[in-house]
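All remarks here apply to the structure that follows.
The values are calculated or read from the model by the stated rules, or taken from the named source; none is laboratory data. Predicted, not measured: the structure shown is a model, and the values here were computed from it. Methodologically, a virtual Cβ is constructed for each residue, glycine included, from the backbone with ideal geometry; neighbour enumeration extends over all protein chains shown. Heavy atoms of the whole protein, side chains included, go into the accessibility calculation; ligands, DNA and RNA do not. Shrake-Rupley method; radii C 1.70, N 1.55, O 1.52, S 1.80 Å.
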Amino acid sequence: MPLKELYISGKNRLIQSGIENPELEASLLLSITLDINITDIYAHPEKEINTDKVSEFNQLLQRRIKREPIAYILGEKEFYSRSFIVTPKVLIPRPETEILVEETLTILKEISSPSIIDIGTGSGCIAVTISCECENARVFATDISLEALMIAMENAKRYDVLRRVSFICSDYLTSFKAKSFDIVLSNPPYIGEGDLFGLEPDVSDFEPKLALLGGKDGLDRIRTIASQAKRVLKNGGWCILEIGAGQSERVLELFEESGFNYISFAKDLSGTKRVIKGKWIR
Ligand code: GLN
């Protein structure tokens, strides 16, 4: 079958299934099936594709039609201009999380040899990005999932920061020494249990529940981090967390109760308060 025909049939199947970016996704799936660049599809439309490759492409299309996220099928997702390895064991990095990275990098400019901990590192997208962007930072990245940590380590290796990021299989901050970090940060699971099924099936059926769910109201993990962070923060250190839409007031209260100062929010592109930060001064 000619390449162009295969592409069009794939695109049409994605359109019929209501997939949002059918052209882009059909070309991405074709490019990994044939191990070519997307531009080759348009450059050599007449190229003859053998039946094995046609059926390989159809299998990938079928996975996408069943709503498996394109990032899991491709095994990659871009975050802060770098491509990260992703598998169904880790959350797919989101553009909103780049705001948390930006906020952190701004604070890091003021600190000469900062020590940072990323709780629930998942793919490692935050820890690895910070380590790449700030070479003098000492980064610790934790996750309760050993499988996630293995992916995060692969990503650190990919960007040559494995020596500067320590990966630790741990839940929260209890195993760390007091006053050891300049920044405690996390993109914690913050979806409330009842809200899971309001999400796109791509998310609710495929992404790890451990990385999504934060208890009944979604705030369980945020509560724990807000209360544990102050013990491990140095004087003048910051706690920076990504939060869910509509959680800002309750999280503000939690930060105030924990005794944080200079609390502020950063908004995402849709104007939602997405990241909270607070300073610990004893
Ligand atoms: N830190 C990872 C990310 O931001 C994983 C977060 C999570 O699993 N909740 O993508």
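Residues in segment 141-158 that are closer than 25 Å to residue 221 by Cα, among the charged types (D, E, K, R) and surrounded by fewer than 18 Cβ atoms within 10 Å (Cβ to Cβ): 147 alone. Considering segment 159-180, the residues that are in contact (Cβ under 8 Å) with a residue 40 or more places away in the chain and within 16 Å of the ligand (Cβ to nearest atom) include one that is farthest from residue 222 (Cα to Cα), namely 159. Could you tell me whether residue 148 is within 13 Å of the ligand (Cβ to nearest atom), assigned to a helix (DSSP H, G or I) and free of Cβ contacts under 8 Å to residues at least 24 places away in the same chain? No, not satisfied.
List the residue pairs whose Cβ atoms are under 8 Å apart, where the first residue sits in segment 69-81 and is within 12 Å of residue 95 (Cβ to Cβ), the second is open to solvent by 30 Å² or more (accessible area, probe 1.4 Å) and outside any loop (DSSP other than H, G, I, E, B), and the two are 6 or more positions apart or on different chains. Here the result reads 77/83; 79/98; 80/98; 80/133, each pair linking segment 69-81 to a residue that is open to solvent by 30 Å² or more (accessible area, probe 1.4 Å) and outside any loop (DSSP other than H, G, I, E, B).
Checked against the criteria, residue 58 counts as surrounded by 14 or more Cβ atoms within 10 Å (Cβ to Cβ) and out of contact with any Pro (no Cβ under 9 Å at 6 or more places or on another chain).
Evaluate the following for residue 19: is it surrounded by 15 or more Cβ atoms within 10 Å (Cβ to Cβ) and more than 29 Å from residue 205 (Cα to Cα)? Criteria not met by residue 19. Count of segment 229-250 residues, restricted to those that are over 24 Å from residue 110 (Cβ atoms), open to solvent by less than 60 Å² (accessible area, probe 1.4 Å) and more than 18 Å from the chain's Cα centre (by Cα), is 2. Kindly check whether there is at least one residue in segment 247-259 that is away from the ligand (no atom under 16 Å from the Cβ), farther than 23 Å from residue 115 by Cα and in a strand (DSSP E or B). No, segment 247-259 contains no residue that is away from the ligand (no atom under 16 Å from the Cβ), farther than 23 Å from residue 115 by Cα and in a strand (DSSP E or B). For the subset of segment 73-120 comprising residues that are among the small types (Gly, Ala, Ser), within 28 Å of residue 229 (Cα to Cα) and surrounded by fewer than 22 Cβ atoms within 10 Å (Cβ to Cβ), which member is nearest to the ligand (Cβ to nearest atom)? Ranking the qualifying residues of segment 73-120, first place goes to 115. Say whether the condition of being open to solvent by 50 Å² or more (accessible area, probe 1.4 Å) and among the hydrophobic types (A, V, I, L, M, F, W, C) is met by at least one residue in segment 38-47. Within segment 38-47, one or more residues are open to solvent by 50 Å² or more (accessible area, probe 1.4 Å) and among the hydrophobic types (A, V, I, L, M, F, W, C). For segment 183-205, a tally of residues being over 30 Å from residue 112 (Cβ atoms) and either open to solvent by 60 Å² or more (accessible area, probe 1.4 Å) or within 9 Å of the ligand (Cβ to nearest atom) (or both) returns 9. Just one of the listed residues (127, 141) is near the ligand (Cβ under 10 Å from one of its atoms), under 13 Å from the mean Cα position of the chain (by Cα) and in contact (Cβ under 8 Å) with a residue 24 or more places away in the chain, namely 127.
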